[in-house]
Amino acid sequence: MARCLRAATVAGLVSLAVITGAAPALAAGEPVQHDEQITYQDWNSYSDWRGGSQNGTIALPGARTGVTMLRPAGVTDYTDPHTGATRSWEYATWTSPVRRIGFAATELVASWNAETPAGTWIQVEMQGTYNSGQQTPWYVMGRWASGDGDIRRTSVDGQGDAYSSVWTDTFAIDDASAGVLLSAYRLRLTLYRAPGQWRSPRVWMLGAMTSNVPDRFSVPPSAGHIAWGRELAVPRYSQNIHKGQYPEYDGGGEAWCSPTSTEMVVEYWGRRPSAADTAWVDPSYADPTVDQAARRTYDYQYEGTGNWPFNTAYAASYPGLDARVTRLHSLDEVERFIAAGIPVVTSQSFLASELDGANYGTSGHLFVVVGFTAAGDVVVNDPASSSDEAVRNVYPRKQFEQIWLRTKRYRADGSVGSGTGGVAYLIKPWWKPWPRVAGSTNW
């Protein structure tokens, strides 16, 4: 059993209607009618950064724009809950305008792409507006640094109000049937640096996926024929050959499906940790870049490496890469990414009997879609494999689409569990355009 449990802990808990029964097949070329609502919105241009509220920050012009600290707005103390150490930090903030979602949403997941030199870190917060007109508190969506020498990157537990909660990296409406849903939000970015230090964080993307995906045990199959017969040459890494390594990071490699998948895509784009970066890894261990990815995605509060935006932020810490967490509607949309040369990391859960050829079941697992066979089945780099050589797998298209897009599933004991509803990591070079998919803005 793949021990990657983050992948399906939230999605599907808060949506609106139950859909059961077998999904009808579609004729080739027939469009899928989606019952979910998904949008991804971000701030990533010079005008975007200029349009926010600056308190000690400055927008950076140029092709690779961003926001950084101009002069500190003040100094504050932060006690790291995972080390007990208290340090003083200069800080500055950037706050986005309020962004209307366009529908009543039940979930939000923030993403960011940033550079955090030694002696710096960032905090991302979200404040929502309900369709009742009330506002949420400012929720911390992550305290993050690319390294672990200054703070321990962390999510924050125990956040909530009468209508919503934050579960690790996901804002969720507690009871959508009550009718109080998310209609708008804004994000706040706080940049921290050691007092007197000139080097500051730089953030070049801040965004969020918002969604309302109804409860469903099955979905209509997509038509395909967009990237059939196309397979990308993504490096293959097994998480299982790291079993028992560095148990301080989520118990060891058997739980590293998310960073292993992320690392495969990072290296597909020609980036990787340097020899100096991995010098801490036991030289007898194979594939030390996977150990590095696990360390650099570890969430000290969640005590795991499966925090979704921590994985995409790790990928974007390499020069020239952009990355984000979103949901996609169907395998047709994945095919558009494959056709554009962009692999897609997907999050899903399943019984062994639900995915032919996997030979295991999991309550949450991530792997990389690298292509499609000539018949439309899904070619996957599955890190839950016995060796790097065994990582390439082909899974039946219809089965794959069900286990990835559903929000409800039956466990082996007959009880009902959750699914991710199409969660994906998207990682690419900054200059390469994103394929157009439903619900995307600012892409």
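The values are calculated or read from the model by the stated rules, or taken from the named source; none is laboratory data. On a predicted model such as this, the values are computed, not experimentally measured, just so you know. Note: ideal-geometry Cβ built from the backbone for every residue, glycine included; neighbour counts use all protein chains shown.
Report the residue count in the stretch 228-252 for those that are touching a Phe, Trp or Tyr at 6+ places or on another chain (Cβ under 8 Å), within 25 Å of Arg153 (Cα to Cα) and not acidic (Asp, Glu).
Matching residues across the stretch 228-252 total 5.
Restricting to the stretch 100-134, what's the tally of residues that are closer than 22 Å to Asp174 by Cβ and either touching a helix residue (DSSP H, G or I) at 6+ places or on another chain (Cβ under 7 Å) or surrounded by 15 or more Cβ atoms within 10 Å (Cβ to Cβ) (or both)?
Within the stretch 100-134, residues that are closer than 22 Å to Asp174 by Cβ and either touching a helix residue (DSSP H, G or I) at 6+ places or on another chain (Cβ under 7 Å) or surrounded by 15 or more Cβ atoms within 10 Å (Cβ to Cβ) (or both) number 17.
Within the stretch 199-317, which helices (runs of 4 or more DSSP H) (wholly inside it) include 3 or more residues that are in contact with a strand residue (DSSP E or B) (Cβ under 9 Å, 6 or more places away or on another chain)?
257-268, 308-316
Could you name every one of the strands (runs of 3 or more DSSP E) located completely within the stretch 324-443 that has at least 2 residues being in contact with a helix residue (DSSP H, G or I) (Cβ under 6 Å, 6 or more places away or on another chain)?
Of the strands (runs of 3 or more DSSP E) lying wholly inside the stretch 324-443, those with at least 2 residues that are in contact with a helix residue (DSSP H, G or I) (Cβ under 6 Å, 6 or more places away or on another chain) span 344-350, 362-372, 378-381, 423-429.
Evaluate the following for Gly376: is it buried (at least 23 other Cβ atoms within 10 Å of the Cβ) and small (Gly, Ala, Ser)?
No: the conditions fail for Gly376.
Do you know which residues across the stretch 357-381 are touching a residue at least 40 places away in the same chain (Cβ under 8 Å) and closer than 16 Å to Ala412 by Cα? It would help to see each step written out before you state the result.
Looking only at the stretch 357-381, we keep the residues that are touching a residue at least 40 places away in the same chain (Cβ under 8 Å), and these are 360-368, 370-376, 378-379, 381.
Those that are touching a residue at least 40 places away in the same chain (Cβ under 8 Å) and closer than 16 Å to Ala412 by Cα: Tyr360, Gly361, Thr362, Ser363, Gly364.
If you go through the stretch 174-185, how many residues are on the phi < 0 side of the Ramachandran plot and part of a loop (DSSP other than H, G, I, E, B)?
Of the residues in the stretch 174-185, 4 are on the phi < 0 side of the Ramachandran plot and part of a loop (DSSP other than H, G, I, E, B).
Look at Ala352 and say whether it is without any contact (Cβ under 8 Å) to a residue 40 or more places away in the chain and over 12 Å from Tyr395 (Cβ atoms).
Here the answer is yes, as Ala352 does meet what is asked.
Where in the stretch 66-130 are the strands (runs of 3 or more DSSP E), entirely inside, with at least 1 residues that are of a type in the set (A, V, I, L, M, F, W, C) and farther than 30 Å from Glu36 by Cα?
Values: elements: 66-69, 74-79, 86-95, 99-105, 107-115, 120-130.
Hits in the stretch 66-130: 66-69, 74-79, 86-95, 107-115, 120-130.
Looking at Ala294, Ala208, which one is assigned by TED's automatic domain parsing to the domain that holds Met126 and buried (at least 24 other Cβ atoms within 10 Å of the Cβ)?
Ala208
Considering only the stretch 74-94, I want to know if a residue exists there that is surrounded by fewer than 23 Cβ atoms within 10 Å (Cβ to Cβ), within 22 Å of Ala208 (Cβ to Cβ), under 24 Å from the mean Cα position of the chain (by Cα) and of a type in the set (A, V, I, L, M, F, W, C).
no
Going by the structure shown, is Trp198 more than 30 Å from Trp280 (Cβ to Cβ), out of contact with any helix residue (DSSP H, G or I) (no Cβ under 6 Å at 6 or more places or on another chain) and hydrophobic (A, V, I, L, M, F, W, C)?
Answer is no for this residue.
Considering every residue within the stretch 242-251, establish whether at least one is of a type in the set (Gly, Ala, Ser) and buried (at least 20 other Cβ atoms within 10 Å of the Cβ).
No - not one qualifying residue is present in the stretch 242-251.
Glu248 - would you say it is under 19 Å from Asp148 (Cβ atoms), more than 15 Å from the chain's Cα centre (by Cα) and either of a type in the set (D, E, K, R) or not assigned by TED's automatic domain parsing to the domain that holds Tyr425 (or both)?
It is true that Glu248 is under 19 Å from Asp148 (Cβ atoms), more than 15 Å from the chain's Cα centre (by Cα) and either of a type in the set (D, E, K, R) or not assigned by TED's automatic domain parsing to the domain that holds Tyr425 (or both).
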